[in-house]
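Asker: Right, I'll just put the structure down here and ask away after.
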Amino acid sequence: MSIHILLVEKHPLIGVGIRALFENITDFQLIGEVFNDQELQSACQKNRPDIVLFDINVIDISIIEIIKSLKFSFPDLKIITLIPESNPIYVKYLVNLKINSCVMKNENSDVLIAAIRKVNQGETFLSNQVTKKIIEIDYSDFNLSEREFEVLQLVGEGKTNYQIGMDLHITERTVRSHMESIMQKMCVKNRTEALKKAIQKGWFKV
């Protein structure tokens, strides 16, 4: 029985490589390609893939929100992400979305093939490189929640509480509550000091 795969990628050369890889694998069927986030929901509705293979160039808040939306709309859909060399904190939050598999782009094609087969069987697959990335994180630091980290990142982008609320679909009051919790956990007096500590930890650059 074929595994129906929908590819999400923004660079045609990636699609060429994936198609070439799948050509000689009889049970892999690439049923469609999507080139922007706006087409993704309708393509899943129309094609009903078993797996979405998500080629990600930069792990950021927008990607996290897209994956959350996809999982909400299609709870049985399996998601595999192909990710670049990234800051470990972003890899951790991506994995925390409970995607089915995460593979680095610079890994051997056999790793991706194994990931697809494992995921299709209902298993979760994290490649060795992804696992190493997660281990790099000091989990004892500050104990921020996923949402608090998202808020802090948007603070780093220079956004106001109102803008952060709009981006995350929460109220401005909730944003302020998250910021108070962040400052308390990080033992700082204001958002500037919180951002400075985050930069020192290497979580992101401003």
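Asker: Suppose we filter 48, 19 for residues that are in the same structural domain as residue 125 (by TED's automatic domain parsing) and at negative phi; which single one remains?
Answerer: Numbers: 48 fails: at negative phi.
Just a single option satisfies the conditions, and that option is 19.
Asker: Checking the structure you have, find out if any residue of segment 73-84 is small (Gly, Ala, Ser) and either modelled with pLDDT of 90 or more or part of a loop (DSSP other than H, G, I, E, B) (or both).
Answerer: Of segment 73-84, the ones small (Gly, Ala, Ser) are 73.
So of that shortlist, the ones also either modelled with pLDDT of 90 or more or part of a loop (DSSP other than H, G, I, E, B) (or both) come out as 73.
Yes; the residues of segment 73-84 include at least one that is small (Gly, Ala, Ser) and either modelled with pLDDT of 90 or more or part of a loop (DSSP other than H, G, I, E, B) (or both).
Asker: A further question follows. Only one residue in 72, 22 is of a type outside the set (Val, Ile, Thr), out of contact with any Lys or Arg (no Cβ under 9 Å at 6 or more places or on another chain) and within 16 Å of residue 115 (Cα to Cα), so which one is that?
Answerer: 22 is the lone residue from the list that is of a type outside the set (Val, Ile, Thr), out of contact with any Lys or Arg (no Cβ under 9 Å at 6 or more places or on another chain) and within 16 Å of residue 115 (Cα to Cα).
Asker: Could you check segment 7-47 and list, in sequence order, the residues that are touching a Leu at 6+ places or on another chain (Cβ under 7 Å) and either over 14 Å from residue 66 (Cβ atoms) or part of a loop (DSSP other than H, G, I, E, B) (or both)?
Answerer: If the condition is that a residue be touching a Leu at 6+ places or on another chain (Cβ under 7 Å) and either over 14 Å from residue 66 (Cβ atoms) or part of a loop (DSSP other than H, G, I, E, B) (or both), then 7, 15, 18, 19, 22, 30, 31, 32, 33, 47 are the ones that fit.
Asker: Something else: Any residue in segment 32-53 that is charged (D, E, K, R) sitting within a Cβ distance under 6 Å of a residue that is modelled with pLDDT under 90? List the pairs, counting only those 6 or more apart or interchain.
Answerer: 33/15; 37/66
Asker: Which of (1) outside any loop (DSSP other than H, G, I, E, B); (2) among the aliphatic types (A, V, I, L, M); (3) buried (at least 20 other Cβ atoms within 10 Å of the Cβ) does residue 114 not meet, given it meets every other one?
Answerer: So the condition that residue 114 fails would be (3).
Asker: Okay, moving on. Scanning for something in a helix (DSSP H, G or I) and in contact with a strand residue (DSSP E or B) (Cβ under 7 Å, 6 or more places away or on another chain), does segment 48-66 turn up at least one residue?
Answerer: No, every residue in segment 48-66 fails to be in a helix (DSSP H, G or I) and in contact with a strand residue (DSSP E or B) (Cβ under 7 Å, 6 or more places away or on another chain).
Asker: Ok, one more. With the checklist (1) surrounded by 17 or more Cβ atoms within 10 Å (Cβ to Cβ); (2) of a type in the set (S, T, N, Q); (3) at pLDDT 95 or above in hand, flag the one item residue 129 doesn't pass.
Answerer: Status for residue 129: all satisfied but (3).
The values are calculated or read from the model by the stated rules, or taken from the named source; none is laboratory data. Just so it is clear, the model here is predicted, and its values are computed rather than measured. As a convention, Cβ positions derive from the backbone with ideal geometry for all residues, glycine included, and neighbour counts pool all protein chains shown.
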